[in-house]
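Working notes for the structure below.
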Amino acid sequence: SDPNFDHVEAGHWETDSPTAADIRFIAQDNSTETSGMALFEPISGAGATLALTQCLEVFEGSPYGLGGMALVNAPATDAPTLKAVVRFFHNLGCTDEIESTERTFAVGDTGGSWRPRFVHEVRAPVGALSARVGFVVEGGTAETFSLYLDETAFFEDVLLIDGFETGNSSWWSSTTE
C-alpha cells in the first residue's frame, strides 16, 4: 500500500528507527514519475539501523519481486547501505518466521542521481502465508546522510516465467531480425 508515498502519514508503512524523526514521508519529490517519497535522515546516522516495512499476504511457492528507486546524499562513499529485505512467516500477520533474505542496492552517495529501479527476486517457501517486506538502511560510518526512496513495489513476479518444461512454446514468438 502507498508504494509511491503519496500520503504524508503513509499509515500502511511501519518504521523502526532510533528516533521518531529519522524517517519522514514527503508529499512532493524531484523524481520523474510520482508525487511522494520516503526520507531516511537520521539525527545520528553512524551505526544506526532504520527500517521501513509492511506485512503482506503471500502464497507459498510463488515468485515475488521487491524493488524501488533510491537517491543518497552522503559524505561517504561506503555508507549508508540500503537493503531490500523480505522475511517470510508461517502465519498471517507476520508471526513465526520461516526464513529471510536481503539484497544490497546502494552503498554511499549516489552522486545526486536516482539509482535506477532495482528488483530483489524471491520465492515464497513452503508454508509461507505472510511476509514482512521493505527496506533497511544501515548508517555504517556516515554520521549524517539523506536517503530518498520512491516507486517501491512488491509484486508477484509471473511475467515471462516459463521453464519450457512442457515443450509448449505457443506463447513465444521465434522471429529473427
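The values are calculated or read from the model by the stated rules, or taken from the named source; none is laboratory data. Bear in mind that the values here come from a model prediction, so they are computed numbers and not experimental data. Quick reminder, even Gly has a Cβ in these numbers, built from the backbone with ideal geometry, and neighbours come from all protein chains shown. Please note that ligands, DNA and RNA were not included when accessible areas were found on the heavy atoms of the full protein model with its side chains. Shrake-Rupley method; radii C 1.70, N 1.55, O 1.52, S 1.80 Å.
Of all residues in segment 68-86, exactly one satisfies the criterion of being among the β-branched types (V, I, T), open to solvent by less than 20 Å² (accessible area, probe 1.4 Å) and closer than 20 Å to S44 by Cβ, namely V72. For E121, the requirement of being surrounded by fewer than 17 Cβ atoms within 10 Å (Cβ to Cβ), farther than 16 Å from D150 by Cβ and modelled with pLDDT of 95 or more is not met.
For segment 23-32, check the following and say yes or no: at least one residue is charged (D, E, K, R), at pLDDT 90 or above and not in a strand (DSSP E or B). No, there is no match, as no residue in segment 23-32 is charged (D, E, K, R), at pLDDT 90 or above and not in a strand (DSSP E or B).
Contact list please: Cβ distance under 6 Å, first residue in segment 87-108 and within 18 Å of T152 (Cβ to Cβ) and without any contact (Cβ under 8 Å) to a residue 12 or more places away in the chain, second residue part of a strand (DSSP E or B) and of a type in the set (S, T, N, Q), pairs at least six apart or on different chains. So the pair list comes out empty.
Any residue at all in segment 149-159 that is at pLDDT below 95, among the aliphatic types (A, V, I, L, M) and open to solvent by 50 Å² or more (accessible area, probe 1.4 Å)? Yes, because at least one residue in segment 149-159 is at pLDDT below 95, among the aliphatic types (A, V, I, L, M) and open to solvent by 50 Å² or more (accessible area, probe 1.4 Å). Per the listing G93, G140, G112, the residue uniquely assigned to a loop (DSSP other than H, G, I, E, B), farther than 28 Å from I43 by Cβ and open to solvent by less than 60 Å² (accessible area, probe 1.4 Å) is G93. Whenever a residue of segment 45-66 is on the phi < 0 side of the Ramachandran plot and open to solvent by less than 20 Å² (accessible area, probe 1.4 Å), its partners that are of a type in the set (A, V, I, L, M) and part of a loop (DSSP other than H, G, I, E, B), lying with C-beta atoms within less than 6 angstrom and at least six residues away or across chains, give the pairs G45/A142; V58/A124; V58/A128; S62/A124.
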